[in-house]
Every structure is written in C-alpha cells, then in structure tokens.
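Beneath this line is the structure, given in structure tokens, with notes to follow.
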Amino acid sequence: MKYMLKIKHKPGFGNQKSYSDNKTKRKFAINYKQLKLWSFILNDFVYIKSSMKIIKFIRHYGGIDFYIINNNNIHEHIKSLRSHMVNNCFDEY
C-alpha cells in the first residue's frame, strides 16, 4: 500500500528592498522537497512532499513513526494514518 503525505505551509511575505530604498511586496517561496521514508510499523515506504522544516522535525523525532505518533500538532489528514499505525502496531503482538 502506498502512503502519500502532502504537508503544506503558508509562504512568508515581506518587502523587496532596492538600492534606492523602494519597497515592493513579495512572497518567500517554500523549500518543498519530496522524500521517501521507511516506516517500521507499516513495513512500507511513506512518501512525503513537505518543506524542509517538517523534514528536519521528522529527523529530530527519530523517524516518521515517532513523528506521527508522538506529535500532537499534525494535520487532519495525517491523523487517519496515525490511527492506522497504532492499530497495525497492536495487531503484530
């Protein structure tokens, strides 16, 4: 089974400042990356399209399994994957 996660962020905004101190509005683009992570609970790869900030958080937690289960500030579409992971974890034992 293929698991796809798309985690979106809002772009930053600010001013682009010229040499003559003219200011124009601009948006800061988000550094989106695509990544394939192995999930030990699901025994399958989880494909992520997310910003580098979230990918760094996942690596800080120690993997995609620990990030999804231990983090409470996750998006709504990932909560269904969390319940599937918890049920799959308890079915093995």
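Each value in this text was obtained by applying a stated rule to the coordinates, not by laboratory testing. Only a predicted model underlies this, so the values are computations on that prediction, with no experimental measurement involved. Cβ atoms come from the backbone with ideal geometry, glycine included; neighbour counts cover every protein chain shown.
Here is how the numbers come out for the structure above:
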{"quantity": "Distance in nm between pseudo-label sites at Thr24 and His75 (7 Å out along the Cβ direction from Cα)", "calculated": "3.1"}
{"quantity": "Hull shadow area, averaged, the range 1-40 [alpha-carbon convex hull, nm²]", "calculated": "4.3"}
{"quantity": "Longest exposed-site-free window of the chain, the sites being trypsin sites (Lys or Arg not before Pro) in a DSSP loop that have at most 13 other C-beta atoms within 10 Å", "calculated": "9-93"}
{"quantity": "Projected label distance in nm at Phe45 and Asn88, using a 7 Å step from Cα toward the beta-carbon", "calculated": "1.5"}
{"quantity": "Computed [θ] at 222 nm, helices only, for the chain once each DSSP H run of length n ≥ 4 contributes -39500 (n - 2.57)", "calculated": "-11000 deg cm²/dmol"}
{"quantity": "Shape box of the chain [Cα atoms, principal axes, largest first, Å]", "calculated": "68, 22, 21"}
{"quantity": "Cβ-placed point charges (K, R +1; D, E -1), dipole of the range 1-65 about Cα centre in debye, nearest 20", "calculated": "380"}
{"quantity": "Order of Tyr61, Tyr67 under a 10 Å beta carbon neighbour criterion, fewest first", "calculated": "Tyr61, Tyr67"}
